[in-house]
Structures are given as structure tokens and as C-alpha cells.
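What follows is a single structure, written as C-alpha cells, with notes after it.
Values quoted throughout were computed directly from the atomic coordinates according to the rules given, and no laboratory measurement underlies them. Since this is a predicted model, take the numbers as computed values, not measurements. Neighbour counts run over all protein chains shown; Cβ positions are idealised from the backbone, glycine included.
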Amino acid sequence: MTVEHRFGGRWTDRKLDILSQYLTFFTTALRAQNFQLLYIDGFAGSGNRLIERIIAQEEPLFGIENRSERVHAPGSARIALETNPPFNRIALIERHAKRFEELKKLCSHYPTVQVDLLQGDANEAIVELCRTIPWRGPNAPGRGIRAVLFLDPYGMNLAFSTLEAIAATKAIDVWYLFPISGVCRQASRDGGKLAPYKRAAITRILGTDEWENEFYNYPVTDDLFGHLTAKHRSADIKTIEGYIKKRLSLVFPIVRDPLTLKTDNGSPLYSLFFALSNSDPKAIGLALKGADHILRTGISSQVRPRK
Ligand SMILES: C[S@@+](CC[C@H](N)C(=O)[O-])C[C@H]1O[C@@H](n2cnc3c(N)ncnc32)[C@H](O)[C@@H]1O
């Protein structure tokens, strides 16, 4: 008898499962509506990911023997390349040279998919795509272009100003893995350790320096002798997630409560946000039908393409 476990990062399976379901929902729901459908991956990686499988094998006389093996599983880019019905166009952004080369190699196996491979910084590339793509109007194909953007950075790599450019298109549905653990690490509990570079990193990702007033208790007179308590972070994960949602809601018409993705031992790592830049009620209704269902149940609703 063999028992198989996947080692490390059930949260990774979860985020990719949600993405995969939404991409299928999106292309199925919009394919008959004469939009050009675009997928953008801001932090594409190599297209695949390595997972370690632990295989427990019961041997007669010797009991259980464990062995592990490393195997490739699809990452976000490959999931998009294999989405059915397919996207009309896919833009993949990756900064790391070796991963970019692997991505190129992977795309060569999908000759029928129109792929734009962009090596460089995600912030610059996304802002440029948002600015130059003819989302609607006389230069747009058909009724215009509709996109899904996946933002899956390791750390605090995405500037808030990039989100403002995305929101301005009014044509992009966004899945953003906000690095909540990175922000909590930089916003140290002990306010005395809040170094200028930590402040700058949080301000860049949140687009304001007001977070400090929200997260920290200021020194108060402590006792009859006027001693001051040290400034400390009072905001917990839920408060910080609430504040991030408030910030995102300033630029996107719709932002859903995040799904907190945790390590296998329960530590919060990322907060997965779904945000819509499109303010058209019909577009919102359709997108939320899919996203809410997927977030709630992990199973996409059965959508029929609209005529
Ligand atoms: C979490 S991985 C992406 C995994 C991928 N979504 C998947 O499912 O396989 C993050 C990727 O972002 C890349 N990266 C980090 N900072 C970047 C930046 N500023 N611009 C573009 N890519 C960046 C890293 O090299 C890494 O490959």
C-alpha cells in the first residue's frame, strides 16, 4: 500500500486552485460576448513549480518506508496557458533571468497561444500595459479588451501606484496575494525598531504613510511620575487586513474580504484579495458570481457562456 502526501504549502495549491477556477469561469462566461480576453501575470515565475511528494510504502516484514521525490506541477503561467476555453492573449512578466528563460521554453510548447513575454520589473511593465492597451474605443478589437491580472509576488514588490494604474483601465479583474506576513514583519511590534527603510517599504505598498497612526499606539503618560510607555503596534492581522481593504477600496469600485492563506502550521502568509476595476453593474454582477462562489466554496459555479 502506498500513501502519498504533498509536502509543503497547501496554501500554494489553494491559491492556484482559486486562480485556475476563476480563469475557466472568466473565459467561459465572456467568450461569446465579443471581447478580446487577456491574462496578465505580474510575477509569473518559471511557469512550473517543484513540489515534494512523500510516499509512504508499506513493506511486508520491514514496516513503513518513506521516500520523497520532486515533481513538476503547473504554476500560474502554465495554468493560464492551458485554460479552456483559451485566452486570446497572455502577457507574462518575470524579472529573474533564469526563470524567464524557463518561461520562454515552456511557452514554446504552446505555439497556438499568443504570448507576450516581458522580462523586467512588474510595476513598470504593468503600468506600461495599462497605458498602451486599447481597452475600449475605436482602436479596440470587438467590444473591447477584458483582462484577469494575477499578482503573486514573494514579498512587498508591488507599489500602490501600480494598483492605481490598473484600476484606471476599468477593464481588469485582479487577484492580489498581499504579503501580510511581510508587512507584519516590517511593522515591528516594538515601535522603536521601526527603521526608516521599513517605514518606506510599507508606505510604498500601501500608498500612504497614514498606516502608522492606524497600526501603532502612541506613547502615553504611564504613571504618576510621567514615564512614557514605548510605542508599540496594537493592530493585529485582522485590523491590518481591514486597513488594506480600505486602501484598495479607494481605487477599486469592488474589493472582496480577503482569504487569509496560512502555512501548514497556521501562520498567516498572504491575504488573497479579489478586486474589480470595472464599475459597470453587469460586469460586476458576472465577476462576483464567479469570484464569490469560488472564494466561498472553492468550487466554481457552472457558467454557461452568454449569447
Ligand atoms: C511567488 S513567485 C511566482 C509564482 C508563480 N505565480 C507560480 O504560480 O508559479 C514570485 C516571482 O516574482 C518574481 N519577481 C519578484 N520581484 C519581481 C518584480 N519586481 N518584477 C517582476 N518579477 C518579480 C520572482 O523572481 C518570482 O519568480
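Stretching the chain fully between D280 and E124 yields a gain of 53.4 nm (0.36 nm per residue, less the alpha carbon separation).
Among beta bridges identified by DSSP and lying wholly in the chain, the antiparallel ones come to about 65 percent. Across region 173-298, Cα-Cα distances exceeding 22 Å account for 45% of all pairs. Here the spin labels are modelled as points 7 Å beyond Cα on the Cα-Cβ line, and at D292 and A32 they lie 2.3 nm apart. About the centre of its Cα atoms, the chain shows a dipole size close to 980 debye [charges on the beta carbon of Lys, Arg (+1) and Asp, Glu (-1) only; nearest 20 debye]. Here, the chain is characterised by an Rg to Rh ratio of 1.03, where Rg is the alpha-carbon radius of gyration and Rh the Kirkwood radius.
If you plug the beta carbon distance of S188 and L61 into 1/(1 + (r/R0)^6) with R0 = 41 Å, you get a FRET efficiency near 0.15.
Can you put S234, S108, S46 in order, fewest other beta carbons within 10 Å first?
S108, S234, S46
The calculated FRET efficiency for E69 paired with S267, based on their beta-carbon distance and R0 = 35 Å, is about 0.85.
Could you order peptides 61-71, 146-156 by the average number of other Cβ atoms within 10 Å of their residues, highest first? Don't skip to the end; give the middle numbers.
On the way: 61-71: 9.1, 146-156: 20.1.
Highest to lowest by the protection proxy: 146-156, 61-71.
Using the empirical formula 2.2 N^0.38 Å as the baseline, the Cα radius of gyration of region 1-155 reaches a ratio of 1.27.
Placing pseudo-labels 7 Å out from each Cα toward the beta carbon at H109 and E82 gives an inter-label distance of 0.8 nm.
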